[in-house]
Amino acid sequence: MSGEFTPVAVVTGGSRGIGRAVSLMLAERGYAVCLSYVSDAGSAQAVVDAITAKGGRAVAVRSDVGIEADVLALFEAADRLGTVKALVNNAGIVDVAARVDEMGVARLQRMMTTNIVGSILCAREAVRRMSTRHGGTGGGIVNLSSVAARLGGPGQYVDYAASKGAIDSFTLGLAREVAGEGIRVNAVSPGIIDTEIHASGGEPDRVARLGPGQPMGRAGTAAEVAAPVVWLLSDEAAYVTGANLDVSGAR
Ligand code: NAP
C-alpha cells in the first residue's frame, strides 16, 4: 500500500465481537484501522497484530466513547494514520436483565452515555473531518443498532432497546443532515449474534438457548454482520444513505 492513498477507518469497540470482525474485514479492503477498546488491551492488540501480520496498518487506542477527551484522542490517533474516511459506531453495552421499575439512574446513565452519547460524539468528530463543508472529501458512517429497537426488550433491557431506538433516529437525521456533504450514514440492526456481549449481560448461554429458536435455526456470527457493514461503507452502496439494514436472520 505504500505510496498509495490509504483511507482510515475508525472502529469503536474494535477489539472483540462484531467490531473485531469489522476491523479485520476493513483492513482486508485496504483501510488503515484505528480501533478503540476500554478494558481488554490484550484483545485489542491481538486485532492489531492480526492486521499487521497481513501487511495492513492498525492502531488500538484505549478510549471510552462516553468520555469526550477519549473520543478526541481516538480521532487524533486516526489523523496520525491518514485521512479518516469511515466510522463504525460499534461500541455498545447491555446490562443484566431487569424491569424498568428496578433500574437505577447509574445504570441508565451508563447505558445512554455509552450507546447514544458515545455514538453521536464519534459521529461529530467524523463529520468534522469528512464533510465537504469542512474541507473534507466525504466518507461513510455505519451505526450499530439492534432489532431490540423494535422488539423493546421487555423484562430484559428496555433501556438498551431505547438506546438503540435513539440510534435509529440519529442515523436518519444525520444522514439527511450531511447527505449533500459527501457523507453517507446508515445503520445495521443485528439479531442475536454470537459474541461475548451476552455474557456481559449475565447470560453467557443466551446464544445456545435462543439460537435454535431463531427463524434460521441459529444465531448469526460477527463476520455475518461485518460483511454488510463493510458493504455499506463501500462505493457499491453509493446511493444508500439513511438506511437501516436488518442483519437478523428474519428475527
Ligand atoms: P462485545 O462482544 O461485548 O464487544 C464490545 C466491544 O465494545 C469491545 O471491544 C469493548 O471493549 C468495546 N466497548 C465497550 N464499552 C465501550 C466504551 N464505553 N467505549 C469504547 N469501547 C467500548 O459486543 P458485540 O456483541 O460485538 O456488539 C457490538 C455492537 O453490536 C453493540 O453496539 C451492540 O449493541 C450491537 N449488537 C450486538 C448484538 C449481539 O447479539 N451481539 C445484537 C444487536 C446489536 P473492551 O473489550 O475493552 O471492553
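Values in this text are rule-based calculations from the coordinates and carry no lab data. Computed from a predicted model, the values in this text were never measured in an experiment. All Cβ positions, even for glycine, are placed from backbone atoms using ideal geometry, and neighbour counts span all protein chains on display.
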*By how many nm would the segment from Val100 to Ala223 lengthen if fully extended, with 0.36 nm per residue of separation less the alpha-carbon distance?*
41.0 nm
_Furthest towards positive pole of dipole, Ser119, Gly153, Val142, structure part the chain, Cβ charges_ = Val142
*What translational diffusion coefficient, in µm²/s and rounded to a whole number, does the Stokes-Einstein relation yield for the stretch 3-247 at 20 °C and a viscosity of 1.002 mPa s, taking the hydrodynamic radius as the Kirkwood radius over Cα pairs?*
120
*Hey, got the dipole for the chain? About the Cα centre, +1 on K and R Cβ, -1 on D and E Cβ, debye to the nearest 20?*
220
*Taking H placed 1.01 Å from N in the peptide plane, check which residues at least 5 places from Ala91 or on another chain put their amide H under 5 Å from its amide H.*
Thr12, Gly13
_Just to check I understand the Karplus step: with θ = phi - 60° and J = 6.51 cos²θ - 1.76 cosθ + 1.60, what whole-Hz values come out for the stretch 194-204, glycine and proline as x?_
7, 9, 7, 5, 5, 5, 5, x, x, 10, x
*Using the number of other C-beta atoms within 10 angstrom as an exposure proxy, rank Ser146, Ser248, Ser200 with the fewest first.*
Ser200, Ser248, Ser146
_In Hz, Karplus ³J(HN,Hα) per residue of the stretch 68-83 (6.51, -1.76, 1.60; θ = phi - 60°; x = Gly, Pro)_ = 4, 4, 5, 5, 4, 5, 4, 6, 5, 5, 5, 4, 5, 7, x, 8
*asked:* Under 5 Å between amide hydrogens, which residues at least 5 positions from Ala86 or on another chain qualify, with H placed 1.01 Å from N in the peptide plane?
replied: Val8, Val10, Gly140
*asked:* What whole-number distance in Å separates the alpha-carbon centres of the stretch 179-213 and the stretch 71-103?
replied: 14
*Near-label residues of the stretch 104-119 by backbone N, under 20 Å of a point 7 Å along Cα→Cβ of Glu68*: 109-119
_Part-to-part distance (alpha-carbon centres) for the stretch 1-47 and the stretch 129-152, which is given in Å_ = 17
